[in-house]
Each structure stands twice: as structure tokens, then as C-alpha cells.
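Have a look at the structure below before the remarks.
The values are calculated or read from the model by the stated rules, or taken from the named source; none is laboratory data. These numbers come from a predicted model, not from an experiment. Cβ atoms come from the backbone with ideal geometry, glycine included; neighbour counts cover every protein chain shown. With ligands, DNA and RNA removed, areas are computed over all heavy atoms of the protein, side chains included. Shrake-Rupley method; radii C 1.70, N 1.55, O 1.52, S 1.80 Å.
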Amino acid sequence: AAAGPPASGDDGAKKYEAQRLFDELRQKIGYMGAISHKKVGVLDLFRILRVARTPKDFNVCLQAMNTFYNFGVKLVHRETANRLLAAAMLCKIESEAVELIKLYGTWLEHPPETALVYATMGHFLDQGEPLVVREIAGAVRSDWRMPVEPALYVLAVEAMLRLPDNAVAEVFQLHADARVVGVRLPAPLHTRLLAASLGAFEAALPPEEAGSEEVTPGGEEDDAPNAAGGPEVAGGVAREPPADALAHLERAVQAAEGLARDGHLRGGANAAALCSVAWLFLHLAALPEGVRASLLSAAPPHGIAGFLDQDWTRAVRAAMDIFGCRWGFSNQLPQGFFRALSASSDPQAGTMLEMCQRRFGRFCPVGAD
């Protein structure tokens, strides 16, 4: 006689567990298809899903679902999509997990929970597949049955920043979309986009303007000190940056406005956010008055345009004041801001840098690579 599957308790029993449970399900249904809904239901499917660990097991699960549909057994349990998604990931059929998130509405009553969707997105992010994360984010964003939450934007932005071409424009489309749908994004996301935009702005400046620049706000040629504490260009004349650099600075203003709009500045900013805002004010003060007014024209007076009178030194002092507080502490201060202070020939920048070194101690990233 042919040897059957190993008996329960053998080392290889689990290998055949899903198939054994499916065979028991078929025996309950019978060859004539006369189903008793008191004996056969979604719990039989859950038992198979619970033991599925291989691609073959997952195919058995899909076969069981197809059997239920053929014999009119409704799968309306709210956990069906969750357990099927978890089984797809456990069985390492990741493409099926993506298809389930995108197309569950064509054959299931309820969507998978967002926590499982975010875990799936995180998995693909760790695997270095940002395009898959973007695909899932787009499916969730367009599905009215799935809530749009900050975690969705955090994961999608992280994926976009990891693309080879660094799709900055698409990242800020996501940032703007969060404002449209009324999603309040976390402060670290705004701060990261602000720092990335300012770093790109400095990289886009011509070499003669990117070093120790000193600019008088408004572009007036006089010997008056810079009231806003901005850098000053040699000769005292503010220069207008090239258009591609201004595009990055415009995105930086958008990110800073997000900090203000979502209550992360006046509502209690941490040191990293305040230092990033100070970095923005430092560059805004170096622009001609007309260019600065144009960049801030879309910002409401109670937003970033009216925060601390756009004085970068006040923002730095505020960061130092709250750095010792639990909610004001941050171990990820923007390196680019302190590099700009270190490279500046402005005595005020040097003084503020020394104060930051004393206050922030080992967390001050001066000289960090």
C-alpha cells in the first residue's frame, strides 16, 4: 500500500497539515454539495490559514476559498482579509499580498487592517523595494474604505526618498496631499523634508555663493548690521539664487509651513525642528526683499512667516532653552545648519555656534560627516 502523509506527531506532520484540514473540509461538504452552514463556515478557512507556512499551503487556502464560493458559503467575516494577508506574507508569496491589498474589494467584504498594510509596506521598504511601497500607498490612498493616516505618508515619503532619482517633487506632492485630506503629519517628517530641501538648496548654489556668504536683507548696500542675523555677501548686496536653487527653497518653506500648520512650532517644537527653522531663516535673510516676499506670499501671517519674526538667532536660542526638556530633546540636530554656521565669516554665526556647542554638547553635529 502507498504510504500516506505522516501521522500527527511526526516531524513532518505540519508539512501536510493544511492539506489534511482541506480534505476534512471536503468531507464535510460531501460529493453532492449538500452543505450544512452550521457545520461548515469561515472558521474552517481560518484553521487552514493558521497552519499555512509554504506557497503550497497558501494555494490550498485559495482552493478552500474557491470551494466556499462554489458552494455558496459566504465569507463576510471582518478578519478574512487580515488572515489572508498575514498568510501570504508568512508563506513568502509577497506578490499575492500586494494584489490582495489592491484588489480585495473585488471578492472580499472588508479591507485588511491598516496596521497589517503598514507592516507589509515596511517589509518591502526593508527589502529595498520602494516602488512596491509607492504602489501600495497609491492603492490605499484611492480606497475610500481604508482610512488615510500619518503612517501611510511617513512610509510613502521614506520610499520616495530612497528612489535612485530621489523624486523630491513627488515627495512634496505627498506632503501637499496630506494637507488637502487633513492629515496631521508628525514633526520628524516635516523636519526631515525641511533639512533635505535646504541641503539641496545649498548644493544648487554656484560655488562663489555657497561658502561663507554674507548678505544684508533687502539687498541694500550699507554697513548696518543684519537685523535678522542672516549671512552677508561680500559687498553687502544680496544676490538672487538661480531658479533651480529657489525651487528647493520654496519646498523648504512648504515643509516649514507644515510644521507651523500641524502645531509643531507654537504647540511645542523640539530642538531639531527649531534648528531646522533657524537654518531656513538664515537663508531667507540672505535673499533680496522681493524674492523673500515672493517665497512667503502663500504662507499665512500666523504660520512660518510670522514665527519669531523670521529671526534665526531667536530660533536657535529657543532650541537651546528647551533642549534639556524631555519633549524638547532631540539627538538628530540638522548637520547642514551647523556646517553653515561653521563656514560663515559672520562673527554672530561664530558666537551662536560656540553657544550651541556648549549647550548641545556631544549632540552638536559640528564637523560630522
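One residue stands out among those in region 127-169 that are out of contact with any helix residue (DSSP H, G or I) (no Cβ under 9 Å at 6 or more places or on another chain) and under 21 Å from N82 (Cα atoms): the one that is most open to solvent (accessible area, probe 1.4 Å), which is W144.
P147 meets each of the listed conditions (1) outside any helix (DSSP H, G or I); (2) modelled with pLDDT of 95 or more apart from (2). In the set (1) farther than 18 Å from L45 by Cβ; (2) among the hydrophobic types (A, V, I, L, M, F, W, C); (3) outside any helix (DSSP H, G or I), the condition left unmet by A115 is number (3). Contact annotation: residue pairs with Cβ atoms under 9 Å, 6 or more positions apart or on different chains, pairing a residue in region 154-175 that is in contact (Cβ under 8 Å) with a residue 12 or more places away in the chain with a partner that is part of a loop (DSSP other than H, G, I, E, B) and small (G, A, S), are M160/A167; L161/A167; R162/G128. Among the residues examined, R184 qualifies as within 23 Å of G267 (Cβ to Cβ) and either out of contact with any helix residue (DSSP H, G or I) (no Cβ under 8 Å at 6 or more places or on another chain) or basic (K, R) (or both). Restricted to region 30-59, and to residues there that are open to solvent by less than 10 Å² (accessible area, probe 1.4 Å) and of a type in the set (V, I, T), the residue that is modelled with the lowest pLDDT is V40. Annotation note: of R339, R358, R326, the sole residue that is in a helix (DSSP H, G or I), open to solvent by 50 Å² or more (accessible area, probe 1.4 Å), free of Cβ contacts under 8 Å to residues at least 12 places away in the same chain and charged (D, E, K, R) is R358.
Within region 119-137, residues that are farther than 15 Å from E149 by Cα sit with their Cβ atoms under 7 Å from residues that are open to solvent by 70 Å² or more (accessible area, probe 1.4 Å), at 6+ positions apart or across chains, in these pairs: P130/R162. Identify, please: which residue in region 76-108 is outside any helix (DSSP H, G or I) and more than 16 Å from A52 (Cβ to Cβ) and is, among those, most open to solvent (accessible area, probe 1.4 Å)? Here the residue is R78.
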